[in-house]
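A.B. asks: I'd like to ask some things about the structure below.
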Amino acid sequence: MPVRLTAALIAALLLCSCSQAPTPPAAANVSDSDVTEHVKTALQQRDSLKRFDITVVTLKGDVRLAGVLDSQAQIDEALAIARAADGAHTIHDELTLRK
């Protein structure tokens with residue numbers, strides 16, 4: 001009898017642990033277009049950045065920023081905005097300073 005009880009408990013534990021699918025992280029549920037739109041909107045809401053034409057392209061969570069800005073502080077601010085976007089995995093900096 002104890003062997004059957006032990007086997008039943010082990011089987012129940014295995015079934016319970018296998019029946020739950022892993023929960024994906026929230027960032028995995030954010031589409032590339034949503035990430036791009038979030039970053040573009042946030043850039044346009046900053047007075048120091050809204051006059052610049054900053055291109056934002058997202059592919060599989062990798063965000064690429066391109067454009068010409070006036071100062072390193074503006075570049076740093078744009079990069080920080082992109083890093084804060086839900087769903088952004090990697091930020092590619094193609095921002096340059098105006099000569």
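Since every read-out is calculated from the coordinates, none of them should be taken as a lab result. None of these values were measured; they are calculated from a predicted model. Cβ placement follows ideal geometry from the backbone for every residue including glycine, while neighbour counts extend to all protein chains displayed.
A.B. asks: For residue 50, list the lysines whose Cα falls under 21 Å from its own Cα; do not include residues on the same chain fewer than 8 positions away.
C.D. replies: Candidates past the 8-residue exclusion: 40, 99.
A.B. asks: Something else about it: First select every other residue whose beta carbon is under 14 angstrom from the beta carbon of residue 35; then total the charges, Lys and Arg +1, Asp and Glu -1.
C.D. replies: Charge balance in the 14 Å sphere: -1.
A.B. asks: Let me ask you something else. Arranged from highest to lowest average of other beta-carbon atoms within 10 Å per residue, in what order do the peptides 30-39, 68-77 appear?
C.D. replies: The packing order, highest mean first, is 30-39, 68-77.
A.B. asks: Follow-up. Assign one of three labels to region 30-99, namely rounded, prolate or oblate, based on the Cα gyration tensor with a ≥ b ≥ c the square roots of its eigenvalues; rounded applies when a/c is under 1.5, prolate when it is not and a/b is larger than b/c, and oblate otherwise.
C.D. replies: Prolate.
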